[in-house]
Amino acid sequence: MMVDQVVIPALKILIVLNAVLVGVTFMVLLERKVIAWTQARLGPMRVGPYGVLQPIADVVKLMTKEDITPVKADRWVFSVAPLIALIPALIVFAVIPFGPEVSLFGRQVALYITDLNVGLLYVVSVASIGVYGIILAGWASNSKFPLLASLRASAQLISYEVAVTMTLVSMIVSAGTLSMVGIVNAQESQQVWYLFVQPLAFFIFFVGGLAETNRAPFDMPEAEQELTGGFHTEYSGMRFALFFLAEYANMIVVSAVATTLFLGGWLRPFPNVAALSFLDLVPAWCWFLAKTFVFLYIFLWVRATLPRYRYDQLMRLGWKVLIPLAIANVVVSGLVKVLL
Amino acid sequence: MTTDVRPMFDTDELVINMGPQHPSTHGVLRVVLRLDGERVVGSDVVIGYLHRGIEKLCESRDWTQIVLLTDRMDYVAAATNNIGYCQTVEKLMSIEVPRRARYVRTIMAELQRIASHCLWLGTHAMDIGAMTVFLYAFRERELILDLFEEYCGARLTYNSMRIGGLPLDLPPGWDRKVLGFCDVMEQKLVEYEELLTNNRIWLERTKGIGVIPAEEAVAIGLSGPPLRGSGVQRDIRKDEPYAAYDEMRFEVPIGKACDTYDRYLVRLEEFRQSVRIIRQAVEGLPEGPIVGKVPRLIKPPAGETYHAIESPKGELGYFIAADGKSTAPYRFRVRPPSFCNLQALPRLIQGHLVADVVALIGSIDVVLGEVDR
């Protein structure tokens, strides 16, 4: 009883949290490497073979850096803002299903921390708190460039969040459940990845995901070339690193949620083709991680390829293209569900 | 009794200091922006942070020593500055430059145009957020720097011209390497275009941004690609040919829409035309001496002259007055294209957003070393 209710969940939280944080640091390395290769460079090569130990050096550097708070900053908000950005990104992982229930050491263990019956709602609500970190950071810095960045972040938030949430509604129509595990199971029983059922929803979710994580081509709140670093201009040392962690953790969150919703979560490719059943030999969580990785790679690929939108153009894209499309998608999904 | 009527919300303009330390001002340009939200309602361009008094310095130097100082103005196209200065003095002294030297000058000038445009393309794309183009363009610029290194040993400030001709003849095999570079450049241009020319985001960010009609462009005194982007057919290489341009076949691209995108297209076409000119010049490179008849002591007769060439950024002019007595110019004045083109910036950014400001600074293509001198 004690083991089931306390020890195992605690262990799971510990493992997931550490895996995410380590994953994030190596995500930075991956990004630098992928972009370097795209740009005919080598990327980090000095620390360890092919620079694989670079993340460790980075963390040590950031930890030992001086932590500066501007004199005119709102101290309390200034120090709490990075945490507001990071914590929601981490607690979303509570409902991400990495795999189905498996038996480990004679026990049935589910490869997710918890299965909320409103999992999707939880993801949406928690993930949208993260942007407050950015808005507050820009405000509390009491500096002009960060202030502009936080204005952009708020404008951006309204533009994409509505569209993304609408696509999730159409996912719920398809799956008939809000539970993340339930959605994967629905894809298993319907024998199809929702990517093929709801391609438009997938597209909108992906674009919205880029905007939600402030990644290129929607990295206006950071926009180094315009706002000299945007909301984190005044941050240094570990507080700056927390924003960095939050950004990359958010990328992993969006990739993991997209995998769960559209790519069948832990299911092997083509779950309906019996001839491919040898693929089941690979553990389910490996499929999950592989699919998530594909998404992460696309994030980096997009960043290396595309120029940046202007923030009024993002708003136009959000309000005039994505939201009408998302609403149409909900209506069509509903009609199809009712009529067929 | 007066009632103090106040609006419920005060709206203030936000004054923001862009530069002199800012990633996108291409050096030490400072732009004081007055913003309403993110819209620019007023701006003030402050220059002078890189002023070294080059013009005054030149008035106390020997005529031959000045070549080296001109390197430090537009440092991304140093050889072009050298050529402009040497030609001005040659005009002042009526020195005939041998045909081979004129051909080599043409090759150098066009290589510099490509190098300068590579830097422009890279930084301009980087300002708009396309960072891969930046490294691609620098990869090709590197090849040009290698060619110059092989010719004169320097990679940035070449000191590569002499009054009356060239300091050195071309190293053996150099011409073949230049032709090889031309082939590479043509292929890589396709790569740049794939990344940008038809990219939806690139189009949205550059089309209709910073429109400046032809009459206004002429009135402000724009020159070079910004002027041609506004549809004015003006290229000193064609209109008042110098070096060997009268023997070259090339076209002068002009734009229609007068916006950032057209200025981009004009420069991209100039890459191609430069490659074409280099090919012709290398293939038709005559044999012969590299220095004309220059007196041992350079002392131009009393008089003054103005001579302009088409630098990668526009009309680069030198006004030199000699008193006929001293071995230094009496007055030395440069008309730098960047300085004159920069005048258009407040007009261009008016009413646009902060994000467009960096795009427009990039679109004018200024080098602060030349603006401030």
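The values are calculated or read from the model by the stated rules, or taken from the named source; none is laboratory data. These numbers were taken from a predicted model, which means no experiment stands behind them. Neighbour counts are summed over all protein chains in view; Cβ atoms, including those assigned to glycine, are modelled from backbone coordinates with ideal geometry. Calculation scope for accessible area: heavy atoms of the full protein, side chains included, ligands and nucleic acids excluded. Shrake-Rupley method; radii C 1.70, N 1.55, O 1.52, S 1.80 Å.
Of A:K144/A:K320; B:K91/B:K238; B:K188/B:K256; B:K56/B:K299; B:K256/B:K313; A:K12/A:K291, which ones are farther than 23 Å apart at the Cα? Listed pairs above 23 Å: A:K144/A:K320; B:K188/B:K256. Protection proxy ranking of B:193-206, B:48-61, by the mean of other Cβ atoms within 10 Å over each peptide's residues and highest first, is B:193-206, B:48-61. A Förster radius of 41 Å combined with the Cβ-Cβ distance from A:V302 to A:M238 puts the calculated FRET efficiency at roughly 0.90.
Count, for each residue of B:22-28, the Cβ atoms from other chains sitting within 10 Å of its Cβ, then give me the mean as a whole number. Mean partner-chain Cβ count within 10 Å for B:22-28: 3.
Between the alpha-carbon centres of segment B:216-244 and segment A:236-259 there is a gap of 49 Å. Between helix A:199-212 and chain A there is an angle of about 30 degrees, using the helix long axis and the longest principal axis of the Cα atoms. Counting, for every residue in B:121-134, the Cβ atoms of other protein chains within 10 Å of its Cβ and taking the mean gives 5. With the charge dipole of segment A:66-339 set up from +1 on Lys and Arg Cβ and -1 on Asp and Glu Cβ about the Cα centre, the Cα lying farthest toward the positive end among the listed residues A:P88, A:A201, A:V102 is that of A:A201. Seen against the Cα atoms of chain B and their longest principal axis, helix B:354-364 is set at about 20 degrees. Modelled spin-label separation between B:V46 and B:V218, with each label point placed 7 Å from Cα along the Cα-to-Cβ direction: 3.6 nm. Counting pairs of Cα atoms in the protein assembly as shown, how many percent are more than 44 Å apart? Within the protein assembly as shown, distances greater than 44 Å cover 37 percent of Cα pairs. Nonpolar atom fraction for chain B, defined as the carbon and sulfur part of the 1.4 Å probe accessible area, stands at 53 percent. Across segment A:123-128, coupling constants 3J(HN,Hα) worked out from phi with the 6.51/-1.76/1.60 Karplus curve, θ = phi - 60°, read 4, 4, 5, 5, 4, 7 Hz, and Gly and Pro carry x. In chain B, the calculated helix contribution to ellipticity at 222 nm averages -14500 deg cm²/dmol per residue, counting -39,500 (n - 2.57) for every DSSP H run with n ≥ 4.
When the alpha-carbon atoms of segment A:153-285 are used, the pair Rg, Dmax equals 18.0, 57 angstrom.
Taking the highest mean first, how do the peptides B:148-156, B:118-126, A:172-180, B:231-239 order by number of other beta carbon atoms within 10 angstrom per residue?
Ranking, from highest mean packing down: B:118-126, A:172-180, B:231-239, B:148-156.
Comparing chain B with the 2.2 N^0.38 Å rule of thumb, its C-alpha radius of gyration ratio is 1.05 (two decimals).
Between B:R333 and A:V332, the modelled label-to-label distance comes to 6.8 nm, taking each label 7 Å out from Cα in the direction of the beta carbon. Its alpha carbons considered, segment B:79-130 gives a radius of gyration followed by a Dmax of 15.5, 49 Å.
Taking the Cα atoms only, what angle lies between the long axis of helix A:144-175 and the longest principal axis of chain A, rounded to 10 degrees? That works out to roughly 0 degrees. Only alpha carbons enter this Debye calculation for segment A:66-339, each as an equal point scatterer, and the log10 of I(q)/I(0) it gives at q = 0.11, 0.15, 0.16 Å⁻¹ is -0.65, -1.09, -1.20. Expressed as a fraction of 2.2 N^0.38 Å, the C-alpha radius of gyration for segment A:11-94 is 1.38. Farthest toward the positive end of the dipole of segment B:49-143, out of B:T70, B:M131, B:L111, is the Cα of B:L111, where the dipole comes from beta carbon charges about the Cα centre. Here the calculated FRET efficiency for B:Q233 and B:L203, from their Cβ-Cβ distance with R0 = 25 Å, stands at 0.50, rounded to the nearest 0.05. With the simple model of a label 7 Å out from the Cα in the direction of the Cβ, A:V22 to A:V59 spans 0.9 nm.
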